[in-house]
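Q: Quick one: this structure, given as structure tokens, is what I'll be asking you about.
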Amino acid sequence: MAEKHKLLEVKGLTMDFGGLRAVDSVSLEVHEGEIAALIGPNGAGKTTFFNCVTGIYNPTKGDILLHPKGLPTRRLNGLKPNKVTEMGLARTFQNIRLFSDMTVLENVMIGRHCRTSAGIFRSIIRDKSVRREEQEIVESSYQLLKKVGLAEFANEFAKNLPYGAQRRLEIARAMATEPFLLLLDEPAAGMNPQETAELDQLICRISEEERIAILLIEHDMKLVMNISNPIYVMEYGKKIAEGSPQEIKDNPKVIEAYLGEETEEDA
Amino acid sequence: MLKDFKQSILISIWFVFLTFPLMAVRVNTTEQMVEWRWMTILWVAIGSFVLSYAWRYFLAKKQLKKKDDEEGGKHSKLQLLMEDMNFRYKAMGVLLVLALVFPLVFDTYQNTIMISALIYVVLGLGLNISVGLAGLLDLGYVAFFAVGAYSYALLNYHFDLGFWTILPVGGILGCLFGVVLGFPILRLRGDYLAIVTLGFGMIIKVVLENWSSFSFGPSGIANIDKPGLFGMDMNIDSSTIYIYYIMIALVVFTILITNRLKNSRIGRAWIALREDEIACVAMGIDMARTKLSAYALGAFWAGMVGVLFAAKTTFINPASFTFMESAIILSIVVLGGMGSILGVILGAFILILLPEYLRAFSEYRMLAFGAAMVLMMIFRPQGIISGIRTKYEYKELKEETDNG
Ligand SMILES: Nc1ncnc2c1ncn2[C@@H]1O[C@H](COP(=O)(O)OP(=O)(O)O)[C@@H](O)[C@H]1O
Ligand SMILES: [Mg+2]
């Protein structure tokens, strides 16, 4: 375990919204080949944590360090989201954010944007190299669609896809940016058990075959137990536990956090 | 159906009641008596009934179609026809031939009208880049048109530079103004964006009106050179025909370039920006660069066609560049179909040619204009033709069709 290359290192991340401290000095690490999970009740600050890491928010305090393999370490604080994506860190959204009036294939093609180069003038002239690049974009996007099982929908509008398929399309789109670390924000939200099982398989496949490390947010603790290790638990912005699934399951603080929530829901 | 019928009858009775004092009763002051015009009231009743019934009928039909769309995602016949490449090429060929023989068949008056329609086609296609593709609402687009027109008028006046030299210069100046306007509004969205661009349009006009030493104020600039052809002397007729052909070439040029841009990596980034800004940047697209390029390229066409406008009219003043123009150009894009090149062309012809040929109704022009827009938004909010999807070819698809 110890020799594995560290990809993402977050140290003491804090995010304030006015007087509200949504994330309170959270530290977290993701290593190569891992499927790490960040769990916690609603409003714990998980999505805010993602938004800080991916550059959508600029964190109030703390360091976000990216250690790409074979490249120097980069500090991500304050970088624009597109720069973060270019460094090899892609994400999906909790509330699906697809380009709904574009086709499924085009959605994935957008992901290829930061890995291709044709500018305005070359697009107008459309010489051979541009045409080749376009074809490469189409082919590789189509291959990604096949990987997530959406090839048959390639020419449908993204908005016409069923819910589960939209979530998978978001994953394909993120993968098109060639990340080495993929952040998934509640990828199973709103899915039925069958779809969730398929998604679990997909995530494992991405991790093994594509060699992409994964950091996954999940609201429901049971879902992540069988695929992720390590697991980090947040509550009220603070990290309250971390460890293997077994350790998390037995951790009294975690049990309390989740039981506490359940009684709230019952009330 | 029966319910609609009853509703419509109720509405027509209500209308009769409302308009009764106005339409039915008239006091004849010379003979000191009251006239009862029963026929008029009958017409009101019938008219309001028919209108209300038609309204309900079409609304119901639209609802049905919406259900269809949700189930099968079907398109209108026109849309399907336009997606057939073969048909498109043929149609384009026919249109081009028609456009080329047009000035030989019709007189100078018709040609002039056609030239202004074509000018609006280019303006519409330009605005379509920022509004239709990139989703950046621009209510001051006419400012770039003014930049082009004044750059030709002034450079021609002071330095005697010719039309062909200034044509690209006008475009580039438009571009520069697009970037200058683009920078401060990079972070704005929706309503705020609309207001700032509206302001920019106003500023340009006010500057042109008041900075007399630069722009000759409200009296404008006259005697601008027409485009020259190897120093030949041309009378009004042949010069109009010449400008017409330049305009056709410019339109074809615009269509080619905007079409290429639309179906390129850049064009896709614009559309993605329109669809969802946050997802767009999270997918690695540089928002600032994408927005600026959309503004600049949109403004480019306005600048260029502005040069031609100045050359065509030989006289310009700030009154040609009012908010009304921006509104018309925007209506062309919205009516035609946001993001659709063909739609915008159709929109321009409808909005510019119809009022010209329906001079008789010119008093009701704005009324008809508004009514048409409202109806359009209710019955076909996506415009006459919505953006036609590119069909991408991938190896596997080809193999499938080859085998099957
Ligand atoms: N943009 C924002 N402005 C103000 N408060 C926010 C914003 N985003 C999130 N919050 C608050 O931060 C807290 C954490 O939210 P979030 O990260 O979405 O939780 P989770 O994803 O764990 O359910 C919540 O109390 C939420 O209201
Ligand atoms: Mg969340």
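Q: Return an integer: the convex hull volume of the alpha-carbon atoms of the protein assembly as shown, in Å³ per residue.
A: Hull volume over Cα atoms, normalised by residue count, gives 265 Å³.
Q: If you take the charge dipole of chain B about its Cα centre, with +1 on Lys and Arg Cβ and -1 on Asp and Glu Cβ, which of B:Asn28, B:Ala99, B:Ile115 is farthest toward its positive end?
A: So the residue furthest toward the plus end is B:Asn28.
Q: Determine the gain in length on full extension of the stretch B:Phe230-B:Ala54; use 0.36 nm per residue of separation and subtract their C-alpha separation, reporting nm with one decimal.
A: 57.5 nm
Q: For every helix of n ≥ 4 consecutive DSSP H residues, a contribution of -39,500 (n - 2.57) applies; sum these over chain A, divide by its total residues, and give [θ] at 222 nm rounded to the nearest 500 deg cm²/dmol.
A: -11500 deg cm²/dmol
Q: Scan around B:Ser264 for amide H atoms under 5 Å from its own, H built in the peptide plane at 1.01 Å from N, and keep only partners 5 or more places away or cross-chain.
A: Those lying under 5 Å, H to H, from B:Ser264: there are none.
Q: According to a simple spin-label model (label point 7 Å from Cα along Cα-to-Cβ), what is the distance in nm between B:Ala288 and B:Leu104?
A: 5.4 nm
Q: Next up: With +1 on the Cβ of every Lys and Arg and -1 on the Cβ of every Asp and Glu, and nothing else charged, how large is the dipole of the stretch A:97-178 about its Cα centre, in debye rounded to the nearest 20?
A: It works out to roughly 140 debye.
Q: Separate question: Just to be sure I understand the curve: with the Debye formula and one point per C-alpha of the stretch B:1-71, what is log10 I(q)/I(0) at q = 0.12, 0.13, 0.27 Å⁻¹?
A: Each listed q corresponds, in turn, to -0.46, -0.51, -1.08.
Q: Taking 7 Å along the Cα-to-C-beta vector as the label spot, tell me the A:Glu256-A:Asn42 distance in nanometres, rounded to one decimal.
A: 2.3 nm
Q: Please state the equivalent ellipsoid semi-axes for the stretch A:139-267: what are the square roots of 5 times the Cα gyration tensor eigenvalues, largest first, in whole Å?
A: Semi-axes (√(5λ), whole Å): 31, 17, 11.
Q: Placing +1 on the Cβ of each Lys and Arg and -1 on the Cβ of each Asp and Glu in chain B, which of B:Ala311, B:Met376, B:Val169 has its Cα farthest towards the positive end of the resulting dipole?
A: Positive-most Cα among the choices belongs to B:Met376.
Q: Identify, among A:Asn58, A:Leu8, B:Met283, the residue whose Cα sits farthest towards the positive end of the charge dipole of the protein assembly as shown, taking +1 on the Cβ of Lys and Arg and -1 on the Cβ of Asp and Glu, with the dipole about the Cα centre.
A: B:Met283
Q: Can I ask one more? How much mean residue ellipticity at 222 nm does chain B get from its helices, if each DSSP H run of length 4 or more adds -39500 (n - 2.57) and you divide by all residues, to the nearest 500 deg cm²/dmol?
A: -24000 deg cm²/dmol
Q: Let me ask something else about it. Check A:Glu34: other-chain or 5+ apart residues with amide H under 5 Å from its amide H, H built from backbone geometry?
A: A:Ile214
Q: Also: Students often get this wrong: which residues of the stretch B:219-246 have the backbone nitrogen under 11 Å from the point 7 angstrom along Cα-to-C-beta of B:Val252?
A: B:245-246
Q: Would you mind telling me the share, in percent, of accessible area of chain A contributed by carbon and sulfur at probe 1.4 angstrom?
A: Result for chain A: 50 percent of the exposed heavy-atom area is carbon or sulfur.
Q: When the accessible area of the stretch B:87-184 is split by element with a 1.4 Å probe, what percent falls to carbon and sulfur?
A: 79 percent
Q: Turning to a different aspect of this structure: Which of A:Glu209, A:Glu198, A:Glu32 moves most in a GNM of chain A, Cα contacts under 10 Å?
A: Maximum among the listed residues: A:Glu209.
Q: How many nm separate the modelled label positions at B:Ile46 and A:Asp127, each set 7 Å beyond the Cα in the direction of the Cβ?
A: 7.1 nm
Q: Tell me the net charge near B:Thr314. Cut-off is 13 Å between Cβ atoms, B:Thr314 excluded, with +1 for each Lys or Arg and -1 for each Asp or Glu.
A: Every neighbour counted, the sum reads +1.
Q: Continuing with the same structure: Using a simple charge model, +1 on the beta-carbon of Lys and Arg, -1 on the beta-carbon of Asp and Glu, nothing else, what dipole does the stretch B:111-404 show about its Cα centre, in debye to the nearest 20?
A: 320 debye
Q: Given a 1.4 Å probe, how much area per residue of chain B is accessible, in Å²?
A: Per residue, chain B has an accessible area of 53 Å².
Q: What does chain A give for Rg and for Dmax, in Å, if only its C-alpha atoms count?
A: 19.1, 66
Q: Okay, next question. Say R0 is 56 Å: what FRET efficiency, to the nearest 0.05, do A:Arg115 and B:Glu356 get from their beta-carbon distance?
A: So the FRET efficiency works out to roughly 0.65.
Q: Tell me the Kirkwood hydrodynamic radius of the stretch B:141-236 in angstroms, computed as one over the mean inverse distance between distinct C-alpha pairs.
A: 15.0 Å is the Kirkwood radius here.
Q: Report, to two decimal places, the Cα Rg of the stretch B:234-295 normalised by 2.2 N^0.38 Å (N = number of residues).
A: Ratio of Rg to 2.2 N^0.38 Å for the stretch B:234-295: 1.73.
Q: Grab the other residues whose beta carbon is less than 9 angstrom from that of B:Ile243, score K and R as +1, D and E as -1, and report the net.
A: +2
Q: If you don't mind, there's one more thing I want to ask. In a GNM of chain A with a 10 Å cut-off on Cα contacts, which of A:Glu34, A:Glu242, A:Glu152 has the highest mean-square fluctuation?
A: Among A:Glu34, A:Glu242, A:Glu152, the largest GNM mean-square fluctuation belongs to A:Glu152.
Q: Looking at the stretch A:97-178, what % of the alpha carbon pairs are farther apart than 19 Å?
A: 35 percent
Q: For the stretch B:295-372, just the Cα set please: Rg and Dmax, both in angstrom.
A: Taking only Cα atoms of the stretch B:295-372, I get Rg and Dmax of 13.8, 40 Å.
Q: Got a sec? What order do A:Arg211, A:Arg126 fall in by accessible area at 1.4 Å, biggest, i.e. largest, first?
A: A:Arg211, A:Arg126
Q: Rounded to whole Å and sorted largest first, what semi-axes of the equivalent ellipsoid does the C-alpha gyration tensor of the stretch B:111-404 yield via the square root of 5 times each eigenvalue?
A: 32, 22, 21
Q: Give me the mean projected area, in nm² to one decimal, of the convex hull enclosing the Cα positions of the stretch B:195-239.
A: 5.3 nm²
Q: Magnitude of the Cβ-charge dipole of the protein assembly as shown, K/R +1 and D/E -1, about the Cα centre, nearest 20 debye?
A: Using Cβ point charges on Lys, Arg, Asp and Glu, the protein assembly as shown gives about 1420 debye.
Q: Within the stretch B:199-227, what residues put their amide N at less than 14 Å from the label point 7 Å along the Cα-to-Cβ vector of B:Phe315?
A: Taking a point 7 Å out along Cα→Cβ of B:Phe315, the residues of the stretch B:199-227 whose backbone N falls under 14 Å are B:218-225.
The values are calculated or read from the model by the stated rules, or taken from the named source; none is laboratory data. All values reported here derive from a predicted model rather than from experimental measurement. Using ideal geometry, Cβ is built from the backbone for each residue, glycine included, and neighbour counts are taken over all protein chains shown. Just the protein is used for accessible areas: all its heavy atoms, side chains included, with ligands, DNA and RNA removed. Shrake-Rupley method; radii C 1.70, N 1.55, O 1.52, S 1.80 Å.
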